[in-house]
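Asker: The structure follows.
The values are calculated or read from the model by the stated rules, or taken from the named source; none is laboratory data. Model, not experiment: these values are computed from the prediction. Quick reminder, even Gly has a Cβ in these numbers, built from the backbone with ideal geometry, and neighbours come from all protein chains shown.
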Amino acid sequence: MDVSFRPLTEADLPLVHEWLGREHVQRWWGEPGDLDGTIEHYGPSLDGRDPTDLYAIVVDGRDAGMIQTYIVADYPEYAALIGVEENVAGLDLFLGERALLGRGLGTEIIGRFVSEVVWARDETVACVADPDVDNVASLRAFEKAGFERVREFVDPEDGRLHALVRQNRIVSPAA
């Protein structure tokens with residue numbers, strides 16, 4: 001399968017909202033509310049008022065999910081909660097198309113996105129994510145993509161236990 005990414009646009013938000021309403025996404029991302037709420041939540045990232053970068057996951061030429069990245073320090077409460085240094089990127093994603101689940105795509109998506117998008121920012125030293133500890137498929141995808149489980153914490157937003165996974169940038173020694 002061919003995997004690529006493109007910046008999300010406002011025109012994509014109805015589809016994102018539809019995906020967020022699907023049971024397999026809701027289980028980990030919560031109740032989406034109405035379309036206006038989705039627009040209110042993601043709109044600031046699309047127009048530059050919020051520093052999170054949103055992308056569509058494209059599989060074989062079709063939109064299949066959403067992936068986002070941000071610099072953790074831009075969100076001080078979250079940065080304090082997970083305890084990471086400066087220049088660490090965060091990553092969140094979901095596949096909205098149920099038919100694509102269970103095919104190993106998560107690992108490919110994570111690996112490619114980190115390589116192509118996250119590491120494109122030269123000062124980024126690491127990338128972290130925080131799947132729910134019960135989301136075994138997500139944890140396996142991150143681990144197979146080269147992330148290591150660092151610790152666990154309770155996320156005050158959902159009251160659930162999450163695993164902090166991390167991949168450090170590999171720096172080649174100077175020649």
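Asker: So is Glu10 out of contact with any helix residue (DSSP H, G or I) (no Cβ under 8 Å at 6 or more places or on another chain), charged (D, E, K, R) and within 30 Å of Glu123 (Cβ to Cβ) or not?
Answerer: No.
Asker: Taking only pairs six or more apart or across chains, which ones have beta-carbon atoms under 6 Å, a first residue in segment 43-71 that is on the phi > 0 side of the Ramachandran plot and acidic (Asp, Glu), and a second residue that is surrounded by fewer than 18 Cβ atoms within 10 Å (Cβ to Cβ) and assigned to a loop (DSSP other than H, G, I, E, B)?
Answerer: Asp60/Met1; Asp60/Asp2
Asker: Now a separate question. Considering only residues of segment 21-37 that are more than 14 Å from Met66 (Cβ to Cβ) and charged (D, E, K, R), which is modelled with the lowest pLDDT?
Answerer: Step by step, filter segment 21-37, then rank; the result is Glu31.
Asker: Another one. Regarding segment 70-85, can at least one residue be identified that is surrounded by 12 or more Cβ atoms within 10 Å (Cβ to Cβ) and farther than 26 Å from Arg166 by Cα?
Answerer: Within segment 70-85 (the criterion being surrounded by 12 or more Cβ atoms within 10 Å (Cβ to Cβ) and farther than 26 Å from Arg166 by Cα), the answer is no, since none of the residues qualifies.
Asker: In addition: Output the number of the condition that Asp92 fails; it satisfies all remaining conditions of (1) crowded, with 19+ Cβ neighbours inside 10 Å; (2) within 17 Å of Thr52 (Cβ to Cβ).
Answerer: (1)
Asker: Considering only residues of segment 21-33 that are free of Cβ contacts under 8 Å to residues at least 60 places away in the same chain and touching a helix residue (DSSP H, G or I) at 6+ places or on another chain (Cβ under 8 Å), which is surrounded by the fewest Cβ atoms within 10 Å (Cβ to Cβ)?
Answerer: Out of the qualifying residues, it is Gln26.
Asker: Check every one of the helices (runs of 4 or more DSSP H) wholly within segment 5-70 and list those with 1 or more residues that are closer than 24 Å to Asp134 by Cα and out of contact with any Phe, Trp or Tyr (no Cβ under 7 Å at 6 or more places or on another chain).
Answerer: Where helices (runs of 4 or more DSSP H) fall fully within segment 5-70 and carry at least 1 residues being closer than 24 Å to Asp134 by Cα and out of contact with any Phe, Trp or Tyr (no Cβ under 7 Å at 6 or more places or on another chain), they are 13-20, 23-29.
Asker: I've got another one for you. (1) surrounded by 11 or more Cβ atoms within 10 Å (Cβ to Cβ); (2) closer than 23 Å to Leu101 by Cβ; (3) of a type in the set (D, E, K, R): which one isn't true of Glu10, the others all being true?
Answerer: It is condition (2) that Glu10 fails.
Asker: Sort out which residues of segment 140-175 are in contact with a strand residue (DSSP E or B) (Cβ under 6 Å, 6 or more places away or on another chain) and aliphatic (A, V, I, L, M), and write them in order of number.
Answerer: Val150, Val154, Leu161, Ala163, Leu164, Val165
Asker: If only one of Val154, Val165 is under 21 Å from Trp29 (Cβ atoms) and surrounded by 16 or more Cβ atoms within 10 Å (Cβ to Cβ), which one is it?
Answerer: Val165
Asker: Within segment 125-149, restricting attention to residues that are closer than 22 Å to Asp74 by Cα and of a type in the set (Val, Ile, Thr), which residue is surrounded by the fewest Cβ atoms within 10 Å (Cβ to Cβ)?
Answerer: Top of the filtered list is Val125.
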